[in-house]
Structures are given as C-alpha cells and as structure tokens.
Amino acid sequence: MRQAPASLRRTLTAIYGKLLARFGRQHWWPGETPFEVMVGAILTQNTAWSNAASAISRLKRTGLLDSARLVRVPKDRLARQIRPSGYFNQKAERLKSFVRYFQNRYGADIRRMKKVPWVRLRQELLNLPGIGPETADSILLYALHKPTFVVDAYTRRVLARHSLISWEDSYGQIQALFQRNLPPRVSLFNEYHALLVALGKELCRTHPICHLCPLRSIGKLRLETTPAPRR
C-alpha cells in the first residue's frame, strides 16, 4: 500500500536529509554555460557522463560549442567530433535539430527562452526528434532553472527498492511523486536528483551494497535487480 501524502512527504524529506548528510552537495550539472548544459543533456543519452564530457571538450577545442557554428557545421564533421559520446551520427542529428529550434524559436537567447512557462517549454522540447522526458527535464532544470524533477534509472531503482514506487510505474508517475510532495524549488530538485544519482552509482547498484546505505532504515527494502544505467 502506498503511503498517505503527509507520511510520504516526511519520507521524501527524510531521504533527502540522509543523502545530503552522506554525500554532501553534488554541484550538478557541470557546465560553464546554460548552452553547454543543454548540449551535455543530449550527448549524455545512453552513455556515461565521462564520455559526454569528452565529446564536449572536443567541441570546445574545435570552436564548435556555439549555436551558430553547430547549425552550419556539416553533420558528418559534427559526428566525428562527438564520437566519444557514442551513437554519434544519431546524436549529431539530434543536436543540430535542437540548435535549429533554439535559434529559430528563441534567437539562441537563453534569457528569452527562460521567460516561457516551463510546461510549454517542456512540450516544445518533447516535440523535437530524440528528446525524451529525461533529456527535456534535464535541460529545463539544469540549464533553464525550471522546477521540474528529473527521473532516471537510478531514481527508479532507489525508490522501488524502498517500496515508494512500483518497478512498473511510468516516468510521469515517479516525477509526480516528487512534484506533488515537495516544494517546487529548483535548488531542491537539482540537489535531490543529483544525490539519488550519487547513491545509485556508489551503493544502490545492480548488486547493491545495502549495509552501507544511508537509507537502510527507510521503507521495506526489495532487492530485485535491474540493469545498471549509465550516466
């Protein structure tokens, strides 16, 4: 049985406090500019963050981490530059599609984009090729500072193992769990998601290290294993 709203709010707050005490602030998302964060959100799809970061470094070295240059650069050249991120031909197309949208819709102006309500922005992003809910929400939260919670495989694994969700719950259902029960603060959603990732990477793995988990006293632990996600 799912917890009542008041109890659920207390549980989510307790989880945040325990994770913050264990891992400290994560300073996520790494990126020098909002545009770099948006590019990173696309490049980190289906790969480890270290691979996406390597691709971003190559874009910087070649002067391509710029919306005007990304629009003009031939797709095959862009694909070569982002090869470390994997699926590079597919991601080159997605990146160029996103940058065309960013330029045509907002004149490549982050300030103009930020003025748009996040629900509308989210739908615009989801309409772009290759942009799913996790990528869209990463762009909204980390680059544009909109109060939307990012759900990834780590989030699902931690919550399901502590009986707060079902393994079969949808992305929207898991996101609603946070957005209905926590204050809609960008800083909170940012840090909370990053802390769940830290827990997933360090302890809540496919084969979990439960005796070291700071959440071991929260909820009924279920240890069904799931494939290890990448970031």
Subject >> Selected residue [buried (at least 19 other Cβ atoms within 10 Å of the Cβ), more than 25 Å from residue 177 (Cβ to Cβ) and without any contact (Cβ under 8 Å) to a residue 60 or more places away in the chain] from 70, 128 >> reply: 70
Subject >> Test result for residue 173, under 18 Å from the mean Cα position of the chain (by Cα), assigned by TED's automatic domain parsing to the domain that holds residue 79, without any contact (Cβ under 8 Å) to a residue 24 or more places away in the chain and assigned to a helix (DSSP H, G or I) >> reply: no
Subject >> helices (runs of 4 or more DSSP H) lying entirely in segment 1-105 (those with 1 or more residues that are over 30 Å from residue 211 (Cβ atoms) and more than 20 Å from the chain's Cα centre (by Cα)) >> reply: 5-23, 49-61, 67-72, 75-81
Original post:
Within segment 203-223, is there a residue that is in contact (Cβ under 8 Å) with a residue 40 or more places away in the chain, within 23 Å of residue 146 (Cβ to Cβ) and assigned to a loop (DSSP other than H, G, I, E, B)?
Top reply: no
Original post:
Of the conditions (1) surrounded by 15 or more Cβ atoms within 10 Å (Cβ to Cβ); (2) in a helix (DSSP H, G or I), residue 111 fails just one. Which one is it?
Top reply: (1)
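Conditions tested, residue by residue: (1) farther than 25 Å from residue 146 by Cα; (2) free of Cβ contacts under 8 Å to residues at least 40 places away in the same chain; (3) of a type in the set (Asp, Glu); (4) touching a helix residue (DSSP H, G or I) at 6+ places or on another chain (Cβ under 8 Å).
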residue	(1), (2), (3), (4)
7	yes, yes, no, no
19	no, no, no, yes
37	no, no, no, yes
42	no, no, no, yes
61	yes, yes, no, no
103	no, yes, no, yes
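The values are calculated or read from the model by the stated rules, or taken from the named source; none is laboratory data. Note that this is a predicted model, so its numbers are computed, not measured. Every residue, glycine among them, receives a Cβ derived from its backbone with ideal geometry; neighbour counts consider all protein chains shown.
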